[in-house]
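Here is the structure we will look at.
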Amino acid sequence: MELISKMIPASRIGEVTKKLKSWQLRAKKLGMEALSFKIGPPQPSTFRMLTYVETAHGQELRSTRVKTMGCLVEVTGEPPCIYGWQLLAKIDHGEPILSSRLKVTPGSFNLIPPAYKTTGPLPEGYCEHCHTKRARRHLYLLHREGKVMQVGKGCVKDFIGHGSAETLLRRTGFLEYLYSCLETLEEIPEGSGPQYEHCFSVRDTIALAWLSITNHGYVSKARAEEERSMSTAQRVVQIMPSAGTVLNDALLEIADKIIEEIKAAGEAQNASEFAQRAAYHVGFEEVGQEHGLGVLCGAVQGYIRAQSQEHVNQSQWQGKVGDKFSGELKLERTSCWETAFGPKRLYVFSDESGNCFVWGTSKYLEGDQSYRISGKIKEHDEYRGVKQTVLTRCKAEPC
Ligand SMILES: [Zn+2]
């Protein structure tokens, strides 16, 4: 059965292979059934990286999530067992945090009755071997043929037999040691190269993007570079460390709603490439700073714009069908799809008064920018309650 399964950064797999022999030797010395190790193919994963950060209060150790290639390391074998008894967990009442009291033996988690995962079904410090309750710090949770027993540390040798209990404890201890070795390797050491990408929780990112856009407006990367200001994505990264203090339940609720909307928009039949990319990124728990964070900020902006009813009601048809049109329009949205004749793009513009214009073409226009447009009014259309003036045969110059 599977005892341990852990994702290890691909860069540390060398250390794992180096240690394999000594681990197998140790298991053999302890008289355990042979353990087998399997190392999976590299795949994109996220890991913890501990870094020292300069703060106003001096250096602080921070844990960040980073994205890089990882391999799944699996350890399979028989769990240590003596006379049918298996050690499921140690209980440590010295732990102030309830959820940390149970030290589960690798591979035993599913055998532990749920009641033990909270306060436990028995009085604190009760030993089922000697049937007494007293202030015991350490107890063991043992299992045989579906029966679970809680036994005091001092009684365990009496309960299973002295030599046997020692063997059981040593074998279980070895599994714990193996687990902690892999746990150490799970972290990426500081300064091990720039190939790692910082990751943030998708939910926090969406909530902070919403907060930032509603407070400061949306700033694309291109506009930030041009204006030498801060893009929405940069703002999100800047406030991210304090996410825990800024984000309340109401904000997270908004984030969940936006995530649902992004998913739905990406699955729609006429979904733009952008909508599909955004939906892809919200499918994960975490998003990379370089790949995805900007997309998510843009998607939040799209959501906010769609929500703004003002914008919807303001739009009126402009000019007469067949007339010439010329004016300065801001490019709001772009959808692109493939046709037999190459890519077709649909641009949605707005003028100063919030009137909506659309233009379908194969020409490429940079997004989030204003253009001087001259062309012809093809028709007056309505899409989702928004009056659109459809343009054709246009010339567009950035302004
Ligand atoms: Zn006892």
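The values are calculated or read from the model by the stated rules, or taken from the named source; none is laboratory data. Keep in mind that this is a model prediction, so the values were computed, not measured. Glycine also receives a Cβ, built like all others from the backbone with ideal geometry; neighbour counts cover every protein chain displayed.
Table for the structure above
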{"item": "Failed item, numbered, when GLU190 is tested on (1) at pLDDT below 90; (2) within 16 Å of the ligand (Cβ to nearest atom)", "result": "(2)"}
{"item": "Cβ-Cβ under 8 Å pairs, at least 6 apart or on other chains, the range 112-136 side over 16 Å from VAL148 (Cα atoms) and touching a residue at least 12 places away in the same chain (Cβ under 8 Å), far side more than 16 Å from the ligand (Cβ to nearest atom) and among the acidic types (Asp, Glu)", "result": "none"}
{"item": "Answer residue from the range 83-100, given it is aliphatic (A, V, I, L, M) and surrounded by 10 or more Cβ atoms within 10 Å (Cβ to Cβ) and is nearest to ILE160 (Cα to Cα) among those", "result": "LEU87"}
{"item": "Residues (crowded, with 18+ Cβ neighbours inside 10 Å and within 13 Å of the ligand (Cβ to nearest atom)) located in the range 137-148", "result": "LEU139, TYR140, LEU142"}
{"item": "Residue list for the range 233-247, restricted to those being loosely packed, with under 11 Cβ neighbours inside 10 Å and within 20 Å of GLN301 (Cα to Cα)", "result": "none"}
{"item": "Wholly within the range 315-399, strands (runs of 3 or more DSSP E) carrying at least 3 residues that are more than 19 Å from PHE274 (Cβ to Cβ) and at pLDDT 85 or above", "result": "324-339, 370-383, 386-398"}
{"item": "Answer from GLU128, GLU124, GLU74 - the residue that is within 15 Å of the ligand (Cβ to nearest atom) and touching a strand residue (DSSP E or B) at 6+ places or on another chain (Cβ under 6 Å)", "result": "GLU128"}
{"item": "Residue list for the range 149-175, restricted to those being among the charged types (D, E, K, R) and within 16 Å of the ligand (Cβ to nearest atom)", "result": "LYS153, LYS157, ASP158"}
{"item": "Candidate set: the range 220-241, residues that are under 24 Å from the mean Cα position of the chain (by Cα) and not in a helix (DSSP H, G or I); chosen: the one modelled with the lowest pLDDT", "result": "SER220"}
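Quick grid of which residues meet (1) exposed (fewer than 14 other Cβ atoms within 10 Å of the Cβ); (2) closer than 28 Å to ARG203 by Cα:
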position	(1), (2)
VAL295	no, yes
GLY319	no, no
GLU338	yes, no
GLY342	yes, no
PHE349	no, no
GLY354	no, no
GLY360	no, no
TYR364	yes, no
TYR383	yes, no
